[in-house]
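Following: one structure in structure tokens, then a few remarks.
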Amino acid sequence: MLYTLNFESLKARAYAGFVSEHVAWSQKHIPYRDIEKVSKGIPTEFYILIITGSYARRTQRPDSDLDMVIICDDSLNPKRIQADISQDCNLNILPIHLYVFRKKEFLEMLTNKEENYGKETANNNLIFSGGKEYYGIINEAIQNGFNG
């Protein structure tokens, strides 16, 4: 038997987002200070912050970088956000590989037929902020053919 969540429900998205954020912040291997430091420089109140890659898979090594994805509102300029926080990422002792996408761009990646970084992020992530909004994007992608 297969169980699914009804992401049409705001309540389901809110609970799933809360649980995902709680799980992410409860991981012992995550460099929280680095995430906090970078997030303080994000020049908007609305964003989704996701860690993906080896830290999300728990396969990180001492020489691994931290893959950080920020999804912002469609009205914002991802290049400006990247510019505002890239110095913090570049000067960080643990290298941070930063990706910034608009919601629309991320949704397009999920519904695109080819494999891409959006699908990799959706299948391997730790959500640190914006969980409810993230599941709203996932719901919209599912309605447009995304199946993981």
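Taken together, the values in this text are just the output of simple stated rules run on the coordinates, not laboratory data. These numbers come from a predicted model, not from an experiment. All Cβ positions, glycine included, derive from the backbone under ideal geometry; neighbour counts span all protein chains shown.
When only alpha carbons of region 39-109 are considered, Rg and Dmax amount to 12.5, 38 Å. Each eigenvalue of the Cα gyration tensor of region 1-59, multiplied by 5 and square-rooted, gives one semi-axis; in descending order these are 25, 18, 9 Å. For region 53-148, the Kirkwood radius over C-alpha pairs fed into Stokes-Einstein at 25 °C and 0.890 mPa s yields D = 172 µm² per second.
Computed from Cα positions, the angle between helix 78-91 and the longest principal axis of the chain comes to roughly 40 degrees. Dipole of the chain computed with +1 at Lys/Arg Cβ and -1 at Asp/Glu Cβ about the Cα centre; of Tyr47, Ile138, Asn125, farthest Cα towards the positive end is Asn125.
Annotation for region 1-64: GluC sites (Glu not before Pro) lying in DSSP loop with at most 12 further Cβ atoms inside 10 Å of their Cβ are Glu8, Glu45. Between 0 and 90 degrees, the angle of helix 131-143 with respect to the longest Cα principal axis of the chain falls at about 50 degrees. When each of Asp74, Asp65 is scored by the number of other beta-carbon atoms lying within 10 Å, the sequence from fewest to most is Asp74, Asp65.
Take the residue pairs Lys103/Lys132; Lys37/Lys119; Lys104/Lys132; Lys28/Lys113 and return only those whose Cα atoms are more than 24 Å apart. Lys37/Lys119; Lys28/Lys113, as the Cα separations exceed 24 Å there.
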